[in-house]
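The values are calculated or read from the model by the stated rules, or taken from the named source; none is laboratory data. What you see is a predicted model, and the numbers here were worked out from it, not measured in a lab. Every residue, glycine among them, receives a Cβ derived from its backbone with ideal geometry; neighbour counts consider all protein chains shown. Accessible surface areas use protein heavy atoms only, side chains included; no ligands, DNA or RNA. Shrake-Rupley method; radii C 1.70, N 1.55, O 1.52, S 1.80 Å.
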Amino acid sequence: MVLSDFLVPLKPGAEASPYLDRDLHVVYKLFDLRQNGGLGKKMKLQRVDGERFDLVLEDATLPDTLMKLAVLNDAGALPTEIVGLSDTGEYLIAKQPLAQEARNFEK
């Protein structure tokens, strides 16, 4: 967990740790560069038999994660700006101004 004086940690996901900047209404996501070179997660269809496929969750590479963020951005699903890498090189940092935490999903 990264600590900050002004960013509020949100519930982490499978691939990133999100932090909310309440003043700027922006979420920063830190994609953890794992020791095996994985960066985030990707889903892959894997053939089980002649007609059936399973969805398999795998570690994504940096190009996989950048492509996913670009597709989401281009499709208008979630505008994303790649901010860069952390000084330590451990995190890819993405800025998502519309990725606010849902207070009440049902509502």
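The table below gives the values:
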| quantity | calculated |
| --- | --- |
| Count - residues of segment 32-71 that are over 18 Å from the mean Cα position of the chain (by Cα) and either open to solvent by less than 80 Å² (accessible area, probe 1.4 Å) or of a type outside the set (A, V, I, L, M, F, W, C) (or both) | 8 |
| Of residues in segment 6-16 being touching a Lys or Arg at 6+ places or on another chain (Cβ under 7 Å) and part of a strand (DSSP E or B), the one least open to solvent (accessible area, probe 1.4 Å) | Ala16 |
| Residue count, segment 67-82 (criterion: closer than 16 Å to His25 by Cβ and of a type in the set (A, V, I, L, M)) | 1 |
| Boolean, Asp74 is over 14 Å from the mean Cα position of the chain (by Cα), open to solvent by 80 Å² or more (accessible area, probe 1.4 Å) and free of Cβ contacts under 8 Å to residues at least 24 places away in the same chain | yes |
| Any hit, segment 23-38, residues being hydroxyl-bearing (Ser, Thr, Tyr) and either in a strand (DSSP E or B) or modelled with pLDDT of 85 or more (or both) | yes |
